[in-house]
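Peer 1: The structure's right below; bear with me while I get my questions together.
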Amino acid sequence: MTTLNIGKQAFNTQDVANKVQSDILFLESRIALLQQQPNPNPMVVQTYEQMLESRQAVLGWLQQNEVQVALDKLG
């Protein structure tokens, strides 16, 4: 497990990844609900989609970092 430092605070990367994954699930469900509406607001859908893409990128970065740390430990 690694630590993510933001300002003067340190966060466990697994805790951050879990929160981001929770955000992703929420956004996916929200987008699905919006798209089921008869006339979904395209700006709202686009905003949620952009938020989803951002969270997915952060999760990918966190996971990539975890793999790199594990590889560095192996040697």
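Values quoted throughout were computed directly from the atomic coordinates according to the rules given, and no laboratory measurement underlies them. Since the structure is predicted, the reported quantities are computational estimates derived from the model, not experimental observations. Using ideal geometry, Cβ is built from the backbone for each residue, glycine included, and neighbour counts are taken over all protein chains shown.
Peer 1: Which translational diffusion coefficient, to the nearest whole µm²/s, is obtained for segment 3-74 from the Stokes-Einstein equation, given a Kirkwood hydrodynamic radius over C-alpha pairs, 37 °C and 0.692 mPa s?
Peer 2: Rounded to a whole number, D works out at 236 µm²/s.
Peer 1: Around Tyr48, with a cut-off of 15 angstrom between Cβ atoms, what is the net charge of the other residues, counting Lys and Arg +1 and Asp and Glu -1? Show your work: numbers first, answer last.
Peer 2: Numbers: positive: Arg30, Arg55; negative: Asp23, Glu28, Glu49, Glu53.
Once positives and negatives cancel, what remains is -2.
Peer 1: Starting from the 7 Å offset along Cα-to-Cβ, what nm value, one decimal, do you get for the label separation of Ser22 and Gln36?
Peer 2: The two pseudo-label positions are separated by 2.3 nm.
Peer 1: Oh, and also: Give me the net charge of Ser22's neighbourhood, meaning all other residues with Cβ under 12 Å from the Cβ of Ser22; Lys, Arg count +1, Asp, Glu -1.
Peer 2: On the way: positive: Lys19, Arg55; negative: Asp15, Asp23, Glu28.
Around Ser22, the charge tally is -1.
Peer 1: I would also like to ask the following. So, with +1 on the Cβ of K and R and -1 on the Cβ of D and E, and no other charges, what is the size of the charge dipole of segment 3-74 about its Cα centre, to the nearest 20 debye?
Peer 2: Dipole magnitude for segment 3-74 comes out near 160 debye.
Peer 1: Rounded to the nearest 0.05, what FRET efficiency do Glu53 and Ala10 have when you use their Cβ-Cβ distance and R0 = 22 Å?
Peer 2: Numbers: r = 27 Å, r/R0 = 1.23.
Once rounded, the FRET efficiency stands at 0.25.
Peer 1: Packing-wise, with mean Cβ within 10 Å as the measure, how do 7-19, 47-59 rank, highest first?
Peer 2: Per-residue mean Cβ counts within 10 Å order the peptides as 47-59, 7-19.
Peer 1: Follow-up question, since we're still on this one. Which residues' amide hydrogens lie under 5 Å from the amide hydrogen of Phe11, considering only partners 5 or more residues apart or on another chain, with H built in the peptide plane?
Peer 2: Leu4, Asn5, Ile6
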